[in-house]
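The values are calculated or read from the model by the stated rules, or taken from the named source; none is laboratory data. Not measured: the values here are computed from a predicted model. Quick reminder, even Gly has a Cβ in these numbers, built from the backbone with ideal geometry, and neighbours come from all protein chains shown.
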Amino acid sequence: MTQTQDDNKRKTAEAALEYIKGISIIGVGTGSTVNHFINYLADLKSEIEGTVSSSNGTTARLKELGIPVLDLNAVGDIEVYVDGADEVSPQKQLVKGGGGALTREKIIAAASKQFVCIADESKAVDVLGAFPLPIEVIPMARSYVAREMVKLGGQPEWRENFITDNGNQIIDVHNMEIMEPIAMEKTINDIPGVVTVGIFALRPADVILLGSPDGIITR
Ligand code: 5RP
């Protein structure tokens, strides 16, 4: 990651603070952009009741900074969820899961009233799929799901030596040109053994904040 890219990530994280004003419970995603957001959140921790975390990594970071982490089962709907993305389309649909936290991220996105996606401008694409599409799978289904993905036109690669927070495995599928994200999300989710596909189209973001050297681009 270049210095400019990281600076753009930090700027978009700062811009997200506008969306959490007066909010008591905040959903927190995973990744380097969100880590900047967590640093800003630490300054506001006395003003919030707590957070709902999307990964063990994020939970550890939040707790380290003294920010309370709550169980989703105990809080009901979340007002605002802030998370990054690997790809962002003009329709606010996303590819996520580069950090492997896609399942918990999708659960929190679904349970949230507003999803604010923060990313540097390099994540903006016209068509999703250039970034290898992450799929979390039950370990015994890995090869089967991979063969099904070949039928859908992709080239699956096992993310070796990686276990998700849910005890599952990830395959990253190269060369997918996702022309119909909602249909593709449903098709892949229906393959037995798939826990979650990293297409976020059924529940896209509500707001996209893209950090660029010229400032924040809001969609
Ligand atoms: C983790 C994710 C992240 O949001 C995505 O990988 C973006 O990460 P970063 O902010 O480090 O670029 O989906 O599962």
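Points to keep in mind about this one:
- Any hit, segment 93-109, residues being within 9 Å of the ligand (Cβ to nearest atom), of a type outside the set (Val, Ile, Thr), more than 16 Å from Lys9 (Cβ to Cβ) and out of contact with any Ser or Thr (no Cβ under 7 Å at 6 or more places or on another chain): yes
- Test: residue in segment 30-51 that is in contact (Cβ under 8 Å) with a residue 60 or more places away in the chain, touching a strand residue (DSSP E or B) at 6+ places or on another chain (Cβ under 9 Å) and assigned to a loop (DSSP other than H, G, I, E, B): yes
- Wholly within segment 99-176, strands (runs of 3 or more DSSP E) carrying at least 2 residues that are in contact with a Gly (Cβ under 8 Å, 6 or more places away or on another chain) and touching a residue at least 40 places away in the same chain (Cβ under 8 Å): 112-120, 133-137, 169-174
- Taken together, the residues in segment 66-81 that are outside any loop (DSSP other than H, G, I, E, B) and either under 23 Å from Glu14 (Cα atoms) or within 16 Å of the ligand (Cβ to nearest atom) (or both) amount to 5.
- Restricting segment 9-46 to residues that are buried (at least 24 other Cβ atoms within 10 Å of the Cβ) and farther than 25 Å from Asp71 by Cβ leaves a set whose member that is farthest from the ligand (Cβ to nearest atom) is Thr12.
- Scan of segment 82-98 for residues that are of a type in the set (D, E, K, R) and in a loop (DSSP other than H, G, I, E, B), ordered by number: Asp86, Lys92, Lys96
- Among the residues listed as Gly57, Gly84, the single one being at pLDDT 95 or above, surrounded by fewer than 24 Cβ atoms within 10 Å (Cβ to Cβ), within 13 Å of the ligand (Cβ to nearest atom) and on the phi < 0 side of the Ramachandran plot: Gly57
- Filtering segment 177-219 to residues that are polar (S, T, N, Q) and part of a helix (DSSP H, G or I) leaves Thr187, Asn189.
- Selection count, segment 67-80, where residues are surrounded by 15 or more Cβ atoms within 10 Å (Cβ to Cβ) and either touching a Phe, Trp or Tyr at 6+ places or on another chain (Cβ under 8 Å) or without any contact (Cβ under 8 Å) to a residue 12 or more places away in the chain (or both): 1
- Among (1) farther than 15 Å from Pro204 by Cβ; (2) crowded, with 20+ Cβ neighbours inside 10 Å; (3) not aliphatic (A, V, I, L, M) - the single one Glu64 does not satisfy: (2)
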